[in-house]
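To start, the structure under review is shown below, and the notes come after it.
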Amino acid sequence: MVGETNLDVLLRTMSAQLVDGLYVFATLAEGVVPSGIRPKMLFHEAEGMTLILLKSEAEAAGIDYEFPCRMITLNIHSSLEAVGFLARITTALEKHDMGVNPVSGFYHDHLFVPDGREHDALAVLNAFTA
């Protein structure tokens, strides 16, 4: 299950997929995730638990949230030890005045970009493979 480490291969062969749904970032005190919530990501920090979840789930549970965003999955099995992959991508998005919150999973990297900018982000990402 070794992922790709070669930066040129990663950039040239990745495909970017827009995932359905409008996501948000929220934080809760340490403890239990409310019933009915299925976060895309849950991360424990000293100040509390960070969740990335669907906006509709946050609203239904009465959870305060920030940063309505869209999720883009980079479909290539990138190694957790790959050097420079996300740096190159985030730098390219920065040149288009776009903030991004990247999250690395075991198999793929995921980008959370501002709602309304997802097609701009896809155009930037697709330029790597052109």
Is it true that Pro34 is closer than 29 Å to Leu10 by Cα and free of Cβ contacts under 8 Å to residues at least 40 places away in the same chain? no
Confirm whether Asp115 is surrounded by fewer than 16 Cβ atoms within 10 Å (Cβ to Cβ), touching a Lys or Arg at 6+ places or on another chain (Cβ under 8 Å) and modelled with pLDDT of 95 or more. yes
Any idea how many residues of segment 8-24 are over 17 Å from the mean Cα position of the chain (by Cα) and aromatic (Phe, Trp, Tyr)? 0
If I ask for residues that are outside any strand (DSSP E or B) and within 12 Å of the chain's Cα centre (by Cα), which ones from segment 90-120 would you list? Thr90, Gly99, Val100, Gly105, His108, Glu118
Being in contact (Cβ under 8 Å) with a residue 12 or more places away in the chain, within 15 Å of Val124 (Cα to Cα) and in contact with a Phe, Trp or Tyr (Cβ under 6 Å, 6 or more places away or on another chain) narrows Leu86, Leu93, Leu18, Leu11 down to just Leu11
For residues that are of a type outside the set (S, T, N, Q), at pLDDT 90 or above and over 30 Å from Glu4 (Cα atoms), tally how many sit in segment 14-45. 3
Selection over segment 37-84 where residues are in a loop (DSSP other than H, G, I, E, B) and on the phi > 0 side of the Ramachandran plot yields a count of 2
Would you mind stating whether Glu57 is of a type in the set (D, E, K, R), free of Cβ contacts under 8 Å to residues at least 40 places away in the same chain and farther than 26 Å from Leu7 by Cβ? yes
Residue hits (segment 25-36; over 16 Å from the mean Cα position of the chain (by Cα) and at negative phi) are Thr27, Leu28, Ala29, Glu30, Val32, Val33, Pro34, Ser35
Can you report the number of residues in segment 39-54 which are touching a strand residue (DSSP E or B) at 6+ places or on another chain (Cβ under 9 Å) and exposed (fewer than 10 other Cβ atoms within 10 Å of the Cβ)? 3
Are any residues in segment 65-86 under 29 Å from Ile37 (Cα atoms) and buried (at least 20 other Cβ atoms within 10 Å of the Cβ), and if so, which ones? Cys69, Arg70, Met71, Ile72, Leu74, Ile76, Ser78
Residues located in segment 87-97, provided they are out of contact with any Pro (no Cβ under 7 Å at 6 or more places or on another chain) and surrounded by 15 or more Cβ atoms within 10 Å (Cβ to Cβ): Ile89, Ala92, Leu93
Pick from Ser78, Ser104: which is in contact with a Leu (Cβ under 8 Å, 6 or more places away or on another chain), of a type outside the set (Lys, Arg) and modelled with pLDDT of 90 or more? Ser104
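The values are calculated or read from the model by the stated rules, or taken from the named source; none is laboratory data. Worth saying up front: this structure is predicted, and the values here are computed from it rather than measured. Virtual Cβ from ideal backbone geometry, glycine too; neighbours counted across all protein chains shown.
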